[in-house]
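Below: the structure, in structure tokens.
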Amino acid sequence: MSGKEKMMISGGMPLEGVVRVSGGKNTSVAVIPATLLCDEPCTIENLPDIDDVRALVDILRSLGAEVDYEPGAFMRVDPRTAHGCQVGYRDAQRLRASYYLIGALLGRQGKAEVAFPGGCKIGTRPIDQHLKGFNAIGARTEERGGAIFADAEELTGGDVFFDVVTVGGTINVMLAACKAQGTTVLHNAAKEPHIVDLANFLNSMGARVKGAGTDTIRIKGESWLHGTTYAVIPDQIETGTLMIAAAATHGDVEISGCIPTHMEALTAKLLEMGVRVTDSDDAIRVRMNGAHRAVNVKTQVYPGFPTDLQQPMSALLTTAHGTSIIQETIFESRFKHMDELVRMGANIRVVDRTAIIEGVPTLYGAPVTTTDLRAGAALLVAGLMAKGETEIYEPEYIDRGYEHIEDKLRSLGAVIRREPIE
Ligand code: EPU
């Protein structure tokens, strides 16, 4: 993070208008490594133009793949020349999802040497379940010198029982298992929409993945996968962040190109708060006038309330009538934004993994610093709702996951700009 720029927001403007949501970050960062499993070129559409995607382009190229990337349009990957199996420290540190290269390279060539991943520092984030899964399908794994070494003469289908529901573990083992001999069964698998999207992508190449979206996924390995063209699903968390921002600014926003059924946990909470939410096939309209009520939020795996929306949601709750209680059950260190919200006038007490938020009449602009991607989203929401000017330092974290966010917010009437730090 260079930290050479800051984001400036003059708050208090209601967001109004129509905004189109981008392709999903967490699905894109799984689908791009998955192209390595293909035996022909494939094309991916609807990818968001974000730092995590750009990092993966560099990694695929460093492995020898030919990548033709037209941001905002398509990415064509020809993996046939990808003979590398190493992802070094500098590349792996650029994003969390670099660990999907372990599953993809194991599946592709039975060997992977991938440095430990980077990404948001929101807890210890072990990958023991990924390794356990690889071992269950015949791979040897070793952690050495800050990297994971994995190899297998031949991957063979097996049963994997995850001790915790893990999105990353489910995706990583799914990737490797696509090329294993026989059938792999993932038990206690994660059910997030991007798991289903990855399965659809893999199946469009001829893989045989069944049960994605339930807690049992069956993968019958295939030795050869054909080229495909595939568009990733819209971003659930960007959709939710925009819904929250619309409510927080007492606005009226239609978020188009989204999948409303993916948003049910958030929609239910907003309705409980007194926000008006209506939806059609592929759009959600959020309106708020008047006050909103405090609610309790407990983060859960899908279809529960997503941890990735806990942070922006807590910004909205700072001005709710009454006391809200937020319990973060997924990551142990995902409250770093709370201190910054307090700097803006919020009344928040954090006890371990619970935050107690007493609603205040308003937030006031202040200089604040982003510590991770969704903390950045929380500060964006807070800046939009606050009286006066908010300066957000380290806005680069936000660029990891939100495509052209300032342009989108400006199109809805927000007064927001980025400027160099003197
Ligand atoms: N866990 C283990 N062992 C493992 C893997 C996970 O104990 O081997 C634990 C974690 O420590 C955590 C819980 O299981 O307590 C869930 O972790 P999970 O593996 O589901 O999360 P992840 O794969 O590291 C992905 C997203 C996160 C999102 C979580 C939960 C990507 C690249 N990251 O992380 O997204 O919060 O799932 O939905 O897909 C973000 O977008 O801001 C972000 C952090």
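The values are calculated or read from the model by the stated rules, or taken from the named source; none is laboratory data. It should be emphasised that the depicted structure is a prediction, and the values quoted were computed from it without experimental measurement. As a convention, Cβ positions derive from the backbone with ideal geometry for all residues, glycine included, and neighbour counts pool all protein chains shown. In case anyone asks, the SASA skips ligands and DNA or RNA and just uses the protein heavy atoms, side chains included. Shrake-Rupley method; radii C 1.70, N 1.55, O 1.52, S 1.80 Å.
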Summed residue charge, Cβ within 12 Å of Gly211's Cβ, Lys/Arg positive, Asp/Glu negative
+4
Beyond a 18 Å Cα-Cα separation, which of these cross-linked pairs lie in this structure: Lys6/Lys121; Lys179/Lys220; Lys4/Lys408; Lys179/Lys210; Lys269/Lys298?
Lys6/Lys121; Lys4/Lys408
Computed over region 232-353, Cα set: Rg, Dmax in Å
13.9, 40
Percent accessible area from carbon and sulfur atoms, region 25-231, protein chains only, probe 1.4 Å
46 percent
Over region 262-309, one equal point on each Cα, no solvent: what is log10 I(q)/I(0) by the Debye formula at q = 0.32 Å⁻¹?
-1.20
Using amide H atoms built in the peptide plane, which far-off residues or other-chain residues are under 5 Å from Asp215 H to H?
none
Three semi-axes of the equivalent ellipsoid, region 25-231, Cα gyration tensor, whole Å, largest first:
22, 19, 17
Taking a ≥ b ≥ c as the square roots of the Cα gyration tensor eigenvalues, with a/c under 1.5 meaning rounded and otherwise prolate when a/b beats b/c or oblate if not, region 339-383 comes out oblate
Have a look at region 339-422 and give its Rg and Dmax from the Cα atoms, expressed in angstrom.
13.2, 39
Based on the mean of other Cβ atoms within 10 Å per residue, sort peptides 396-402, 167-173, 44-50 so the most packed one is first.
167-173, 396-402, 44-50
For region 133-264, count all C-alpha to C-alpha pairs, find those more than 21 Å apart, and express that count as a whole percent of the total.
50 percent
Do the sum for the chain: with -39,500 (n - 2.57) for every DSSP H run of n ≥ 4, divided by all residues, what is the mean residue ellipticity at 222 nm, to the nearest 500 deg cm²/dmol?
-9000 deg cm²/dmol
How many angstrom lie between the C-alpha centres of region 348-422 and region 290-342?
14 Å
So who's got an amide H within less than 5 Å of the one on Gly388, skipping anything under 5 residues away but keeping other chains? H placed 1.01 Å off N, in plane.
Gly11, Gly365
Residue farthest toward the positive end of the dipole of region 214-342, with Cβ of Lys/Arg at +1 and Asp/Glu at -1: which of Thr323, Ile255, Ile233?
Thr323
Place +1 on the Cβ of every Lys and Arg and -1 on the Cβ of every Asp and Glu in the chain, take the dipole about the Cα centre, and give the residue among Ala414, Ala378, Phe305 whose Cα lies farthest towards its positive end.
Phe305
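Averaging sequence separations of C-alpha pairs under 8 Å and six or more residues apart, then dividing by the length of the chain, give the relative contact order as a whole percent. Walk me through the intermediate numbers first.
Numbers: 1087 pairs, mean separation 89.5, N = 422.
This gives 21 percent for the chain.
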Looking at the P(r) of region 15-56, how many percent of alpha-carbon pairs lie beyond 16 Å?
43 percent
When the Karplus curve 6.51 cos²θ - 1.76 cosθ + 1.60 is applied with θ = phi - 60°, which whole-Hz ³J(HN,Hα) does each residue of region 28-40 get, with x for Gly and Pro?
4, 6, 9, 5, 5, x, 5, 5, 5, 7, 7, 9, 9
Row for region 108-199, column shape: gyration tensor on C-alpha, a ≥ b ≥ c, rounded if a/c < 1.5 i.e. under 1.5, prolate if a/b over b/c, else oblate; value oblate
To the nearest 20 debye, the chain has a Cα-centred charge dipole, built from +1 on Lys and Arg Cβ and -1 on Asp and Glu Cβ, of 620 debye
Using all C-alpha to C-alpha distances in region 49-95, build P(r) with 5 Å bins and read off the rounded percent in each one.
5, 22, 30, 23, 16, 4
Debye intensity ratio I(q)/I(0), log10, region 169-212, q values 0.26 Å⁻¹ (C-alpha model):
-0.98
For region 131-178 and region 41-96, what is the separation of their Cα centres, given in Å?
22 Å
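Would you mind giving the average projected area, over all directions, of the Cα convex hull of the chain in nm² with one decimal? Can you show the working numbers first?
Working: hull surface 73.1 nm².
The number I arrive at for the chain is 18.3 nm².
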Hull-based mean projected area of region 220-292, where the convex hull spans the alpha carbons, in square nanometres
6.5 nm²
Could you work out how far apart the two model spin labels at Ile356 and Val164 are, taking each label as a point 7 Å from the Cα in the direction of the beta carbon, and quote it in nm?
2.7 nm
Once the Cα gyration tensor of region 91-158 is diagonalised, semi-axes √(5λ) in Å
21, 12, 10
Regarding region 1-84, what are the three Cα extents along the principal axes, ordered largest first, in Å?
53, 31, 19
Magnitude of the Cβ-charge dipole of region 25-231, K/R +1 and D/E -1, about the Cα centre, nearest 20 debye?
300 debye
Take the eigenvalues of the Cα gyration tensor for region 301-361, scale each by 5, and report the square roots as semi-axes in whole Å, largest first.
19, 12, 10
